[in-house]
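Accompanying notes for the structure given below.
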Amino acid sequence: MDDILIQILNGLDKGGAYALIALGLTLTFGTLGVVNFAHGALFMLGAFCAVTTNKILTISVKVRDESITFFEAYKEQPYLEIWWGDTGAAIIDYSVPISILVTIPIMLAIGVAMERGLIQRFYKREHSDQILVTFGLAIVIQELIKAYFGANPIPTGAPDVVSGSAAIGAFFGLSENLVYPWWRLIYLAFAAVIIGAVFAFLRLTTYGMVVRAGMADRDTVGLLGINIGRRFTTVFGLAAVVTGLAGAMYVPILPPDYHMGMDFLVLSFVVVVVGGMGSLEGAVAAGFLLGLLQSFASMNEVKAILPGIDQIIIYLVAVVILLVRPRGLMGREGVMDD
Amino acid sequence: MNKLSLRNNYVATLLFAAVVLSAPIWLAPLGANYPDLLQKFAIFGIFALGYNLLFGATGYLSFGHAAFLGIGSYTAVWCFKLFTMNILPAVIMSTLVSGMFALLIGYICLRRSGIYFSILTLAFAQMAYSLAYSVLTPITNGETGLQLTQQDPRYIDAIAGVVVQDGLPSTNLFGLSVNGYSGFYICAVVLILAFFVSLKIFRSPYGLKLAAIKSNQMRMQYTGFNTKPYLLSVFVISGMFAGLAGGLLAAIDPLAGAERMQWTASGEIVLMTILGGAGTLIGPLLGVVVIKYFENIFSAINESVLHGIFSFLPDTLENIVVSVTGLFVGEGWHLSLGLVFMLVVVFLPGGIMQALSAINQRIKQYKSGDSTPTESDTDSKGEQQ
């Protein structure tokens, strides 16, 4: 029973990340009709925003270590601690949540720049050309990150308060053994908030309504005298922000390295395809569904029957969906089917 | 038609053979005439030729072709382990086994087209890669990679009474070493054969049908033409080329690892094909030579070499220039590759071949002094479709 509950949590947690990434991808799919293979790179850039924030906050200076009296010892002390003492230390401790503030403007800028600079030249070209140019861009971004941050994963911890595990079993009156890392719970809640915010933006605001109208019929919205191109640029920026935030908050769970983007890219496409191209609800649902499936497949009991299933379940589901129900769970028929 | 023109398949192949076989001579001034690199050219050339048969001819963008390369490599190494160190059966087996996998995967993937096809091939490639790393470890030896050991049975060699002195036995072709120049010529001969096959395919009615599928599959179907068998067969042929390349890779270095199957490895062959010019006959080969050559040159350049190059500049300027250019060479060579690739896709979708033919056209116009395209221009254009 505990095992199953843990797996459900694991699945929801993974699903939250998948859903966020796929939401970003399907936004660009649905609005611009562009197949963006640099989407994984956006996720990675978000993660490295968090890493950079942490690095900047912990810029240090060598000071004499007073605790050692036998000989002259030096230690690195961050400026923030020197200036503001405990407050500074607390800021450093909370570097990952703080990085959200940094990530949003940076990712927005990157997204808008990408759309204006490169993607907009490719609206009229074939999907294979779009795939190729964004694939090239992904390589460039990846190599730049590698050049500056090195090839090794960079661990950056969650704040101390939430670095332990939550005794949710005891809290709900279940077994004492049911504990779960705090940060993963926070990530799940965070994913839910972001998903809710994106949906609220698209459903409840006039701006979002126009964007949705543009997704349905770009030309007509244009004929109504609305500059739909500019709105779509904003949406691309928004997609970059959503993806980047997913990456930034994922840092304590998975230390980022330069090829995490490529690793997550295939996955995010699979999620979008399963959910249905261009369907936002589908992407979110498929994200959680695939996350849950993957964690159940990685239970030992399941693996005993079908060895290796945990590695391929997601792809298998995608293959089956594409063959049996090509429009995905909630997609419209005939999207991107050329 | 003139019997001796390039339109004749045999003439074209002979010319190609002459160019390839003399490669050690004409590549010497570039410093690229050592056998290791030449073998890489030939092997990836085969891979690219095969990939071009699928993507270039039909426009189906597969991101999973490295899986067939990997399957070919594993098959070849198992052949060395179980049967004989002769590479001939290994290479044949790897071609056939890859072909079988291509038949299976192609049958499923080709039910969809466009972006969905790309994603399906991606999914299969990732499945192959993850399985090779995890459950299939008894077959693939997981992360370490499949290697030869002294305890391998090698039944055929044992029957033939081949005695192995201490150390690992080395691969050979009926006693001919696969390293050094003899190795290059083995690969070169296979490359020439592969070129001939792909030439035949491109210039046959079969190839024309593939081109028709590329330009408008819907119309083909409306005329009552079943495109499936053509797509599937070309997918299998292209998978077999990849398997052949994988087998040869294992033959020159009997070690097969799962990273050969990762989807980014498939991306590399896409890069080569596009850079050279997809859909042309020799474009992909040019792409392979250019990428592998510059990979070799660029990765060898390190900071001290750069300091040597820019030593004529004032010190501060020199340091700045070195640190900037240092990004693009050595470890960061993929950065230059990615940039060049993006530029090619944006400005030169036809790759190197497009550039060459544009230059060719200019020269002709300049010579003849008028702008009407001559007959041979339209000829060369037709060939590139």
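Answer yes or no as to whether B:ILE352 is of a type in the set (A, V, I, L, M, F, W, C), away from every other protein chain (no Cβ under 14 Å) and surrounded by fewer than 17 Cβ atoms within 10 Å (Cβ to Cβ).
Spelling it out, it is not the case that B:ILE352 is of a type in the set (A, V, I, L, M, F, W, C), away from every other protein chain (no Cβ under 14 Å) and surrounded by fewer than 17 Cβ atoms within 10 Å (Cβ to Cβ).
Going residue by residue through the stretch A:142-154, is there one that turns out to be assigned to a loop (DSSP other than H, G, I, E, B), among the β-branched types (Val, Ile, Thr) and modelled with pLDDT under 85?
Checked against the condition, which is being assigned to a loop (DSSP other than H, G, I, E, B), among the β-branched types (Val, Ile, Thr) and modelled with pLDDT under 85, the stretch A:142-154 yields no hits at all.
Which count do you get for residues in the stretch A:155-170 that are under 20 Å from A:LEU254 (Cβ atoms) and part of a loop (DSSP other than H, G, I, E, B)?
So the answer is 7.
Looking at B:LEU148, B:LEU173, B:LEU96, can you tell me which residue is touching a Pro at 6+ places or on another chain (Cβ under 8 Å) and away from every other protein chain (no Cβ under 14 Å)?
Step by step, each of B:LEU148, B:LEU173, B:LEU96 is checked, and only B:LEU148 is touching a Pro at 6+ places or on another chain (Cβ under 8 Å) and away from every other protein chain (no Cβ under 14 Å).
May I ask you to list the residues in the stretch B:93-106 that are out of contact with any helix residue (DSSP H, G or I) (no Cβ under 6 Å at 6 or more places or on another chain) and in contact (Cβ under 8 Å) with a residue 24 or more places away in the chain?
Passing the criteria: only B:LEU96.
Please find, among A:PHE269, A:PHE296, the residue that is among the hydrophobic types (A, V, I, L, M, F, W, C), touching a residue at least 12 places away in the same chain (Cβ under 8 Å) and more than 10 Å from chain B (Cβ to nearest Cβ).
Exactly one of A:PHE269, A:PHE296 is among the hydrophobic types (A, V, I, L, M, F, W, C), touching a residue at least 12 places away in the same chain (Cβ under 8 Å) and more than 10 Å from chain B (Cβ to nearest Cβ), namely A:PHE296.
Any chance you could count how many residues in the stretch B:114-140 are more than 7 Å from chain A (Cβ to nearest Cβ) and either of a type in the set (Phe, Trp, Tyr) or touching a residue at least 40 places away in the same chain (Cβ under 8 Å) (or both)?
10
Per-residue answers, yes or no, for (1) assigned to a loop (DSSP other than H, G, I, E, B); (2) exposed (fewer than 13 other Cβ atoms within 10 Å of the Cβ):
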| site | (1), (2) |
| --- | --- |
| A:VAL35 | yes, no |
| A:ALA41 | no, no |
| A:GLY46 | no, no |
| A:VAL51 | no, no |
| A:ASN54 | no, no |
| A:LYS62 | no, yes |
| A:THR69 | yes, yes |
| A:GLU76 | no, yes |
| A:LEU80 | no, no |
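Residue by residue, here is whether (1) under 26 Å from A:VAL317 (Cβ atoms); (2) within 22 Å of the chain's Cα centre (by Cα); (3) among the acidic types (Asp, Glu) holds:
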residue: B:GLY64; (1), (2), (3): yes, yes, no
residue: B:THR75; (1), (2), (3): no, yes, no
residue: B:PHE80; (1), (2), (3): no, no, no
residue: B:ILE105; (1), (2), (3): yes, yes, no
residue: B:ALA123; (1), (2), (3): yes, yes, no
residue: B:LEU136; (1), (2), (3): yes, no, no
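Is it true that A:GLU176 is within 30 Å of B:GLY279 (Cα to Cα) and either more than 14 Å from every other protein chain (Cβ to nearest Cβ) or not hydrophobic (A, V, I, L, M, F, W, C) (or both)?
No.
Hey, any hits in the stretch B:189-199 for a residue that's more than 14 Å from chain A (Cβ to nearest Cβ) and of a type in the set (S, T, N, Q)?
yes
Using beta carbons and a limit of 8 Å, which pairs, at least six apart or on different chains, have the first residue in the stretch A:67-95 and closer than 12 Å to A:ASN54 by Cα and the second one among the aromatic types (Phe, Trp, Tyr) and assigned to a helix (DSSP H, G or I)?
Every condition considered, the pairs that remain are A:ILE91/A:TRP84.
Filter the stretch A:106-122 down to residues that are under 18 Å from the mean Cα position of the chain (by Cα) and either within 14 Å of chain B (Cβ to nearest Cβ) or more than 17 Å from A:VAL140 (Cα to Cα) (or both), then give me how many there are.
The qualifying residues number 5.
For the stretch A:123-137, which residues satisfy the criterion of being more than 8 Å from chain B (Cβ to nearest Cβ) and surrounded by 18 or more Cβ atoms within 10 Å (Cβ to Cβ)?
Across the stretch A:123-137, the qualifying residues are A:GLN130, A:THR134.
Scan the stretch B:288-305 for residues that are modelled with pLDDT under 85 and either in contact with an Asp or Glu (Cβ under 8 Å, 6 or more places away or on another chain) or aliphatic (A, V, I, L, M) (or both) and report the count.
5
Please list, ordered by first then second residue, the pairs with beta carbon atoms under 7 Å, 6 or more apart or interchain, first in the stretch B:6-27 and over 24 Å from B:TYR293 (Cβ atoms), second at pLDDT below 85.
Note: pairs meeting the criteria are B:ARG7/B:MET1; B:VAL11/B:LEU4; B:VAL11/B:SER5.
Has the stretch B:280-299 got any residue that is in contact with a helix residue (DSSP H, G or I) (Cβ under 8 Å, 6 or more places away or on another chain), touching a residue at least 40 places away in the same chain (Cβ under 8 Å) and small (Gly, Ala, Ser)?
Scanning the stretch B:280-299 turns up at least one residue that is in contact with a helix residue (DSSP H, G or I) (Cβ under 8 Å, 6 or more places away or on another chain), touching a residue at least 40 places away in the same chain (Cβ under 8 Å) and small (Gly, Ala, Ser).
Here are some conditions: (1) within 14 Å of another protein chain (Cβ to nearest Cβ); (2) outside any helix (DSSP H, G or I). B:GLY56 meets all but one. Which one does it not meet?
So B:GLY56 meets the others, but not (2).
Given B:LEU271, B:LEU208, B:LEU285, which one is modelled with pLDDT of 85 or more and surrounded by fewer than 16 Cβ atoms within 10 Å (Cβ to Cβ)?
Going through B:LEU271, B:LEU208, B:LEU285 in turn, just one is modelled with pLDDT of 85 or more and surrounded by fewer than 16 Cβ atoms within 10 Å (Cβ to Cβ): B:LEU208.
Residues in the stretch B:13-28: is at least one part of a helix (DSSP H, G or I), among the hydroxyl-bearing types (Ser, Thr, Tyr), modelled with pLDDT of 85 or more and within 28 Å of A:SER128 (Cβ to Cβ)?
There is no residue in the stretch B:13-28 that is part of a helix (DSSP H, G or I), among the hydroxyl-bearing types (Ser, Thr, Tyr), modelled with pLDDT of 85 or more and within 28 Å of A:SER128 (Cβ to Cβ).
State whether the residues of the stretch A:299-307 include one that is among the polar types (S, T, N, Q), more than 9 Å from chain B (Cβ to nearest Cβ) and touching a residue at least 24 places away in the same chain (Cβ under 8 Å).
No: the stretch A:299-307 contains no residue that is among the polar types (S, T, N, Q), more than 9 Å from chain B (Cβ to nearest Cβ) and touching a residue at least 24 places away in the same chain (Cβ under 8 Å).
Only one of B:PHE312, B:PHE328 is in contact (Cβ under 8 Å) with a residue 12 or more places away in the chain, more than 20 Å from the chain's Cα centre (by Cα) and not in a helix (DSSP H, G or I); which?
Selected residue: B:PHE328, the only one of B:PHE312, B:PHE328 that is in contact (Cβ under 8 Å) with a residue 12 or more places away in the chain, more than 20 Å from the chain's Cα centre (by Cα) and not in a helix (DSSP H, G or I).
So, B:PHE44, is that one away from every other protein chain (no Cβ under 14 Å), surrounded by fewer than 24 Cβ atoms within 10 Å (Cβ to Cβ) and of a type outside the set (Val, Ile, Thr) or not?
no
Report those helices (runs of 4 or more DSSP H) wholly inside the stretch A:171-224 carrying at least 1 residues which are within 30 Å of A:PRO255 (Cβ to Cβ) and modelled with pLDDT under 90.
Hits in the stretch A:171-224: A:182-204.
Anything in the stretch A:246-265 that is assigned to a helix (DSSP H, G or I), surrounded by fewer than 24 Cβ atoms within 10 Å (Cβ to Cβ) and within 9 Å of another protein chain (Cβ to nearest Cβ)? List them, or say none.
Matches in the stretch A:246-265: A:MET262 only.
Return the only residue of B:GLY239, B:GLY243, B:GLY276, B:GLY257 being out of contact with any Phe, Trp or Tyr (no Cβ under 7 Å at 6 or more places or on another chain) and either within 18 Å of B:VAL178 (Cβ to Cβ) or surrounded by 24 or more Cβ atoms within 10 Å (Cβ to Cβ) (or both).
On inspection, the qualifying residue turns out to be B:GLY276.
The values are calculated or read from the model by the stated rules, or taken from the named source; none is laboratory data. Remember, it's a predicted structure, so these values are computed and weren't measured experimentally. Note that we place each Cβ from the backbone using ideal geometry, even for glycine, and neighbour counts take in every protein chain shown.
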